[in-house]
1. For the structure I just gave you, tell me whether residue 131 is within 16 Å of the ligand (Cβ to nearest atom), in the same structural domain as residue 65 (by TED's automatic domain parsing), out of contact with any strand residue (DSSP E or B) (no Cβ under 8 Å at 6 or more places or on another chain) and within 30 Å of residue 341 (Cβ to Cβ).
2. What residue, of 189, 147, is farther than 15 Å from residue 127 by Cα and over 16 Å from the mean Cα position of the chain (by Cα)?
3. Testing residue 237 on (1) assigned to a loop (DSSP other than H, G, I, E, B); (2) within 26 Å of residue 157 (Cβ to Cβ), one condition comes back false. Which one is that?
4. Taking the range 83-100 on its own, how many of its residues are over 22 Å from residue 137 (Cβ atoms) and either within 16 Å of the ligand (Cβ to nearest atom) or not assigned by TED's automatic domain parsing to the domain that holds residue 70 (or both)?
5. Counting only residues that are at pLDDT 90 or above and surrounded by fewer than 23 Cβ atoms within 10 Å (Cβ to Cβ), give me the strands (runs of 3 or more DSSP E) lying completely in the range 248-325 with at least 3 of them.
6. Considering each residue of the range 242-253, count those that are touching a helix residue (DSSP H, G or I) at 6+ places or on another chain (Cβ under 7 Å) and within 16 Å of the ligand (Cβ to nearest atom), and give that number.
7. List every residue pair whose Cβ atoms lie under 7 Å apart, where the two residues are 6 or more positions apart in sequence or sit on different chains, the first residue falls within the range 186-213 and is outside any helix (DSSP H, G or I), and the second residue, located anywhere, is modelled with pLDDT of 95 or more.
8. Residue 108 - would you say it is more than 16 Å from the ligand (Cβ to nearest atom), within 23 Å of residue 292 (Cα to Cα) and surrounded by fewer than 19 Cβ atoms within 10 Å (Cβ to Cβ)?
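The values are calculated or read from the model by the stated rules, or taken from the named source; none is laboratory data. All figures in this text were calculated on a predicted structure; none of them were measured in a lab. For neighbour counting, all protein chains shown are included, and Cβ atoms are generated from backbone atoms with ideal geometry for every residue, glycine included.
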Ligand SMILES: [Zn+2]
């Protein structure tokens, strides 16, 4: 969609001029160079039939064998993708417990024991899980592999550095999976890796991937259509945790900033004052927090700026952890995120009901989560 790029540039220039005039510093968002990956190009709204959620359960081939490979994963969205592709043919252990801050997570020395037994270790990469990667590398058994899904998905030229992930710090924004098309790339790499390591499961991994791809395609289109219902001037995200950098370009939203500083501490009083001015200047109707990072600051900023503050966006934590585990899924996390932001920004969230968001593999409570 080459037409949209100049519009974004002009909008960015306007914001920069507005800040110069009001004497505020210009926050740094993306690097400014065009993002080239297809998944980061602007979507086109297209009506869905609306019957996707009532489709019958997928008919998958018999898995044939159980726990052929031992697999370790890190954050919950990656665990969920690996679970949906591998099903009972693989035994999964997740390293980073849900609800913990994945950016500062340190594995325990005792985690080395199961890392040493793993055939495959799936990480996000882009420097998200460096302590876990190092422990995995130090304990890798002969023939085992560490697969950094994010590094294999996006060329370095498309990595985003922004407010909470400044270029000087060297750590790019790692939240690729919040863009469903990038998550589909993760699923493709998982399918190919499992097939290579366990060729007898090839037909099974192809069938599960195909069903996942179908659901992601519907999810992507439903998000595109839903964001379109938000008044154009409101398609702006200011979040506590800076996790929507790869989501925004695909769906025509602008990340105007993030509250959390790059060292994951609380913002200073000066930062807070600047953010309040920014929110007023941009005219955003709502700002967003997340359950993993509860902060009284977002409430304070919301009140002082006179906007709604919504605390339930999620990038790591999957919904229904203690509820129906068929809906403890990456797909459901994204459905809920988009419903939440759309309702708060003045759009119609009901179009998201077209997405079938349960796990292809059903209840996922058999996954072993590493203890805290
Ligand atoms: Zn995060």
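1. no
2. Values: 147 fails: farther than 15 Å from residue 127 by Cα.
The match here is 189.
3. (1)
4. The initial filter retains those residues of the range 83-100 that are over 22 Å from residue 137 (Cβ atoms), namely 83-89, 98-99.
Those still in the list that are either within 16 Å of the ligand (Cβ to nearest atom) or not assigned by TED's automatic domain parsing to the domain that holds residue 70 (or both) too: 98-99.
Within the range 83-100, residues that are over 22 Å from residue 137 (Cβ atoms) and either within 16 Å of the ligand (Cβ to nearest atom) or not assigned by TED's automatic domain parsing to the domain that holds residue 70 (or both) number 2.
5. On the way: elements: 254-258, 286-290, 308-313.
Correct list: 308-313.
6. Within the range 242-253, the subset touching a helix residue (DSSP H, G or I) at 6+ places or on another chain (Cβ under 7 Å) is 243-244, 246-247, 249-253.
Those still in the list that are within 16 Å of the ligand (Cβ to nearest atom) too: 243-244, 246-247.
So the answer is 4.
7. That search, which allows pairs on different chains as well, returns 198/68; 198/69; 198/89.
8. On the way: more than 16 Å from the ligand (Cβ to nearest atom): yes; within 23 Å of residue 292 (Cα to Cα): yes; surrounded by fewer than 19 Cβ atoms within 10 Å (Cβ to Cβ): yes.
For residue 108, the condition - more than 16 Å from the ligand (Cβ to nearest atom), within 23 Å of residue 292 (Cα to Cα) and surrounded by fewer than 19 Cβ atoms within 10 Å (Cβ to Cβ) - is met.
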